[in-house]
Amino acid sequence: MYGWHRKSNEGEWKAVKAKYQFNNEYCKDCHGDKHDSLMQSPHAIINCENCHGPALEHPSNPTKLHIDKSRQQCLRCHSYLPYPTSGRANIRGIDPDKHNPDIECSMCHNPHKPNLGASKGGKR
């Protein structure tokens, strides 16, 4: 099912190669420790590829996925957005201008174990 599209464009869309695995189970076999701790946290609803990038050809190429440790990556969800119908108000938000504005979030917080709060060095 391709939905709304130009009939002449179907071939182009059929040729697009998927880049994502779209499920955390793909990661579990090799990264069981991280997967298990993540599944017991509020981040369990987030697909691994949201932070680690597309994994369709992983582990062969690239052997290690890029990890976006930028502050902007975390602020995509953790900037306070009080939209009551979107569910965003239920996510713990921060004021990025006041909460440690000059450092990356992972320097203090471990995204694989967010229930532990701040952790020295953000060790993963």
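The values are calculated or read from the model by the stated rules, or taken from the named source; none is laboratory data. Bear in mind that the values here come from a model prediction, so they are computed numbers and not experimental data. Virtual Cβ from ideal backbone geometry, glycine too; neighbours counted across all protein chains shown.
Couple of notes before you dig in:
- Condition check for Arg71: surrounded by 12 or more Cβ atoms within 10 Å (Cβ to Cβ), under 30 Å from Ala18 (Cβ atoms), at pLDDT 75 or above and touching a Pro at 6+ places or on another chain (Cβ under 8 Å): yes
- Within the range 96-107, residues that are surrounded by 15 or more Cβ atoms within 10 Å (Cβ to Cβ) sit with their Cβ atoms under 6 Å from residues that are part of a loop (DSSP other than H, G, I, E, B) and among the charged types (D, E, K, R), at 6+ positions apart or across chains, in these pairs: Glu104/Lys69; Ser106/Lys69.
- Single residue of the range 11-68 satisfying the filter (surrounded by 14 or more Cβ atoms within 10 Å (Cβ to Cβ), of a type outside the set (Gly, Ala, Ser) and in contact (Cβ under 8 Å) with a residue 40 or more places away in the chain) that is nearest to Arg92 (Cα to Cα): His43
- Once the range 85-124 is narrowed to residues that are assigned to a loop (DSSP other than H, G, I, E, B) and among the hydroxyl-bearing types (Ser, Thr, Tyr), the residue that is modelled with the highest pLDDT is Thr85.
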